[in-house]
1. If Leu283 satisfies every condition in (1) open to solvent by 40 Å² or more (accessible area, probe 1.4 Å); (2) out of contact with any helix residue (DSSP H, G or I) (no Cβ under 6 Å at 6 or more places or on another chain); (3) of a type outside the set (D, E, K, R); (4) assigned to a loop (DSSP other than H, G, I, E, B) but one, which is the exception?
2. Kindly establish whether Gly64 is touching a Leu at 6+ places or on another chain (Cβ under 7 Å), over 20 Å from Leu432 (Cα atoms) and at pLDDT below 95.
3. From the set of residues in the stretch 308-320 that are part of a loop (DSSP other than H, G, I, E, B) and of a type in the set (A, V, I, L, M, F, W, C), which is least open to solvent (accessible area, probe 1.4 Å)?
4. Which residue pairs have Cβ atoms closer than 7 Å, lie 6 or more positions apart in sequence or on different chains, and pair a first residue in the stretch 43-70 that is within 23 Å of Leu111 (Cβ to Cβ) with a second residue that is assigned to a helix (DSSP H, G or I) and open to solvent by less than 70 Å² (accessible area, probe 1.4 Å)?
5. In a helix (DSSP H, G or I) and without any contact (Cβ under 8 Å) to a residue 60 or more places away in the chain: is that true of Val166 in this structure?
6. Which of (1) assigned to a loop (DSSP other than H, G, I, E, B); (2) open to solvent by 60 Å² or more (accessible area, probe 1.4 Å) is the odd one out, the single condition Lys201 does not satisfy?
7. Please indicate, with yes or no, whether at least one residue in the stretch 340-352 is over 25 Å from the mean Cα position of the chain (by Cα), in a helix (DSSP H, G or I) and surrounded by 12 or more Cβ atoms within 10 Å (Cβ to Cβ).
8. How many residues does the stretch 225-237 hold that are open to solvent by 30 Å² or more (accessible area, probe 1.4 Å) and either more than 28 Å from the chain's Cα centre (by Cα) or under 21 Å from Phe39 (Cβ atoms) (or both)?
Amino acid sequence: MRRKQIIIFFMISLIGQVAIAQERLSLDLDAAKEYALKFNKNIKNSGLAVEKSQEQLWEAISAGLPQVDATTDYSNSLGAEISIQFAEGQPATQIPIDPTSSFNLRVGQLLFNANYLIGIKTAKLYQKLSEKNQVKTERDIISQVVESYYLALISDETLEILQGNVSNLQEVYEKTEPLVEFGMMEKVDLDQLSVQLNSSKNAVKSAERQFEMSKNMLRLQLGVSSETELELTESLSEILNRENSSKLEGEGFDINENIDFQLVEAQEELQEKQVDMQKANYLPSLAGYYSFTHKLLKPNFDMTPNHMVGVQMSIPIFSSGERRAKVRQAEIDLESFKNEKSLREDQLQVQFKQLSFNLKNATENYENQRNNVEVSREVFQNLKQKFDQGMISSLELTSADNNYLKAESDYLQAAFELLQAQNELKTLTGTLR
């Protein structure tokens with residue numbers, strides 16, 4: 001019994017370790033993109049929309065292929081009779097109505113219908129549009145994953161800086177306490193350090209919540225549960241060193257690579273097909289059929305043929321201007337959409353110029369803030385040494401500490417704005433991978 005309990009214990013422990021391993025993800029930026037492409041729920045739905053459009057295309061095609069229907073019936077007049085008098089003065093002849101049953105097979109084939117041909121082209125365009133929407137969804141999600149990854153790295157870097165600052169202040173506070181006890185420093189210096197230390201500890205707690213919130217946002221984009229532990233294996237400095245803003249600024253903008261413009265073009269084609277479909281209503285349609293009927297229960301008098309073929313043509317003649325009005329409405333919609341397309345093209349060109357301008361400003365700001373943070377760090381370290389030697393007051397030290405933290409915050413904000421500007425420009429130009 002004891003051996004059995006030990007085996008069960010080890011099995012439970014092993015299952016627990018597997019479960020923990022499954023709930024932990026270690027991802028660099030490229031791996032995060034790939035993971036989102038596989039498991040993001042919005043991307044999955046866009047893939048289902050593409051599958052649905054493929055089925056809709058086959059539905060449109062099948063409408064013009066042979067259609068086969070079969071029916072069977074049974075009727076019983078419950079003993080009723082037909083009374084027929086062949087000559088005046090003669091008695092009527094009573095003819096009983098026998099039960100009947102038949103089986104009918106009908107094969108129909110569309111021979112010509114302009115709307116059918118245009119409908120197939122329209123269904124193909126809808127399929128193309130759904131595929132474009134899938135690409136747009138994938139690019140949007142990848143862009144969001146990239147931004148969420150950047151934000152998580154910024155939050156993590158902020159947390160590390162604040163934690164390091166708390167450690168430094170704690171060290172200074174502990175060194176200052178005995179100096180105050182021996183009267184070598186004023187108690188107000190210790191109180192000011194205590195206030196600064198408590199304020200820094202509160203900032204750490206806030207940064208921890210911000211870091212967790214940024215990871216939750218990334219979890220949502222990746223399509224994993226909120227319980228999944230994320231480990232970001234790529235550092236902020238590695239990403240900043242890898243990205244080349246100058247190369248990105250020098251690239252032009254091919255509007256045909258923009259997925260939003262590609263969607264607009266696909267929608268314009270659909271509008272054109274709507275005009276063609278309304279014009280097709282002026283044309284006749286032609287269909288043929290074959291019918292086979294077999295009497296399972298025949299009446300005494302039966303003239304129904306077993307086989308029958310036929311052709312049916314529908315010719316539109318006069319609709320009091322209804323068809324003309326529908327054609328004109330479709331043409332007006334097309335003309336209006338072309339204006340919207342031209343406006344969208346202008347908007348994208350302006351957006352490219354604005355994003356390029358934003359990237360240039362973000363690059364310059366990042367360089368300035370990077371220099372500022374180095375200077376602020378050196379100033380704080382020098383003043384900390386002077387404070388340890390009793391050459392300056394705690395007020396000067398805490399002021400330098402605040403300046404240093406602000407410089408670090410401004411630097412990280414500038415770094416995030418730089419990466420964000422690069423991401424937005426890549427998304428617009430279609431170069432985001």
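1. Unmet for Leu283, out of (1) open to solvent by 40 Å² or more (accessible area, probe 1.4 Å); (2) out of contact with any helix residue (DSSP H, G or I) (no Cβ under 6 Å at 6 or more places or on another chain); (3) of a type outside the set (D, E, K, R); (4) assigned to a loop (DSSP other than H, G, I, E, B): (2).
2. Here the answer is yes, as Gly64 does meet what is asked.
3. Checking each candidate, the answer is Ile315.
4. Leu57/Ala123; Leu57/Gln127; Ala60/Gly119; Ala60/Ile120; Ala60/Ala123; Ile61/Ile120; Ala63/Tyr116; Gly64/Tyr116
5. It is true that Val166 is in a helix (DSSP H, G or I) and without any contact (Cβ under 8 Å) to a residue 60 or more places away in the chain.
6. Only one criterion in (1) assigned to a loop (DSSP other than H, G, I, E, B); (2) open to solvent by 60 Å² or more (accessible area, probe 1.4 Å) is unmet by Lys201, namely (1).
7. No, there is no match, as no residue in the stretch 340-352 is over 25 Å from the mean Cα position of the chain (by Cα), in a helix (DSSP H, G or I) and surrounded by 12 or more Cβ atoms within 10 Å (Cβ to Cβ).
8. 8
The values are calculated or read from the model by the stated rules, or taken from the named source; none is laboratory data. Keep in mind the model is a prediction, meaning the values are calculated, not measured. We place every Cβ from the backbone using ideal geometry, glycine too, and count neighbours over all the protein chains shown. In case anyone asks, the SASA skips ligands and DNA or RNA and just uses the protein heavy atoms, side chains included. Shrake-Rupley method; radii C 1.70, N 1.55, O 1.52, S 1.80 Å.
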